[in-house]
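Chemist: Let me begin by handing over the structure; questions about it come next.
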Amino acid sequence: MAAGTTELTRPTLAGAVFAVRELRFWLTDYRRTWRGSIYSSLLNPLLFLGAMGLGLGTLINARGDGAIGGVSYLSFIAPGLLAATAMMTAVGESTYPVLASVKWVKTYQAATASPLRPADIFHGHMLFVTLRVTMNCAIFLAVSAALGAEHSRWALASLPVAVLTGMAFNATIESWAITRTRDTSFAVIFRFGLIPLFLFSGTFFPVTQLPGWLQPLAYATPLWHGVALCRSLSLGVATVGGALIHVGYLAGLTAIGVAAGHRSYRRRLYV
């Protein structure tokens, strides 16, 4: 049967089962490699929280907190770093591991020799990235709450928002990464994409302090939507309308990435 016909006729439930099988592969692999990811995915954002929120925050708080909404700098920066942690984790898992699986280690080619379709492989890896983002963000949220950075019970809702932020990046970046044959473009993404987003999407200071011509660009970034919603939930000032706009943007970007991923995975693996 042709590949395209197989993808159209397989029941949805069967596709979910095969995606979970791919997820089990990634979990087995992570069980052997998790120690190497502790610093980059967990300790690094926590160190940022301590250095910027408690260290630099002491100086900012001493000068007054009117510029950041009348809250301490720790309370201002913690939700932003939560969303940024989701972004960094998702993009890290969506670049080099994907290229390694299709080019260097060739586990994707091995998977396609089984009953798994490219879509199953894509979905299984997305499930793994979702678990990684959820784990890292949950620990970060627990630490920030212990430090007194959360001011509302709605702060718990910032966890799924952060995960959604991560998945918006995961789906779009992974749908592109599977098409790469070299890793040089990943450095460009990190240097000229992630770092500017990290610095200028409202994580460390309000977007309103950017030059007027740059503010619309910041508002259009997925990280700003994640930061803004996480912060409003953490401070207890979220509104239904604003939350729907942020969630709709992130969910729409995720859906676009998933649709693109189905096409790019099929093109790369069915050769």
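Chemist: Find, to one decimal place in angstroms, the Kirkwood hydrodynamic radius of segment 172-246, where the mean of 1/r is taken over every pair of different Cα atoms and then inverted.
Modeler: 14.1
Chemist: Mind checking the dipole of the chain: about its Cα centre, +1 per Lys or Arg Cβ, -1 per Asp or Glu Cβ, Debye to the nearest 20?
Modeler: Using Cβ point charges on Lys, Arg, Asp and Glu, the chain gives about 740 debye.
Chemist: Tally up the carbon and sulfur contribution to the accessible surface of the chain as a whole percent, 1.4 Å probe, everything protein left in place.
Modeler: C and S fraction of accessible area: 69 percent.
Chemist: Now, a different point. Could you tell me which of rounded, prolate or oblate describes segment 14-154, using a ≥ b ≥ c as the square roots of the eigenvalues of the alpha-carbon gyration tensor, with rounded for a/c under 1.5 and, failing that, prolate when a/b is larger than b/c and oblate otherwise?
Modeler: Because a/c hits 1.5 or more and a/b exceeds b/c, segment 14-154 counts as prolate.
Chemist: Right, something else. For the chain, with the dipole built from +1 on Lys and Arg beta-carbon atoms and -1 on Asp and Glu ones, taken about the Cα centre, which of Val258, Gln215, Val17 lies farthest toward the positive end?
Modeler: Of the listed residues, the answer is Val17.
Chemist: Continuing with the same structure: Students often get this wrong, so try it: which of [x] 13.4; [y] 14.6; [z] 15.4 is mean projected area of the Cα convex hull in nm² as calculated from the structure shown?
Modeler: [z]
Chemist: Okay, moving on. With a 1.4 Å probe and all protein chains kept in place, how do His125, His246, His262 rank by accessible area, largest first?
Modeler: His262, His246, His125
Chemist: Each residue of segment 114-122 in order: what ³J(HN,Hα) in whole Hz does its phi give by Karplus 6.51 cos²θ - 1.76 cosθ + 1.60, θ = phi - 60°, with x for Gly and Pro?
Modeler: 9, x, 5, 8, x, 5, 5, 5, 4
Chemist: Mean residue ellipticity at 222 nm from the helices of the chain, using -39,500 (n - 2.57) per DSSP H segment of n ≥ 4 over the full residue count, to the nearest 500 deg cm²/dmol?
Modeler: -21500 deg cm²/dmol
Chemist: On a 0 to 90 degree scale, rounded to 10, what angle separates helix 158-177 from the longest Cα axis of the chain?
Modeler: 40
Chemist: Taking the highest mean first, how do the peptides 85-94, 218-227 order by number of other beta carbon atoms within 10 angstrom per residue?
Modeler: 85-94, 218-227
Chemist: While we're looking at this one, here's another question. With θ set to phi - 60° and the Karplus curve 6.51 cos²θ - 1.76 cosθ + 1.60, what are the ³J(HN,Hα) couplings of segment 138-151 in order, to the nearest whole Hz, using x for Gly and Pro?
Modeler: Rounded to whole hertz, the list is 5, 5, 4, 5, 5, 5, 5, 5, 5, 7, x, 8, 9, 10.
Chemist: Further question: Give me the number: length gained by fully extending Ala220 to Ala113, i.e. 0.36 nm times residue separation minus the C-alpha to C-alpha distance, one decimal in nm.
Modeler: My answer for the length gained is 34.4 nm.
The values are calculated or read from the model by the stated rules, or taken from the named source; none is laboratory data. Nothing here was measured: the structure is a model prediction, and the numbers come from that model. Positions of Cβ are generated from backbone atoms using ideal geometry, with glycine treated the same way; all protein chains shown enter the neighbour counts. Each accessible area value is taken on the protein alone, full model and side chains, heavy atoms only, with ligands, DNA and RNA left out. Shrake-Rupley method; radii C 1.70, N 1.55, O 1.52, S 1.80 Å.
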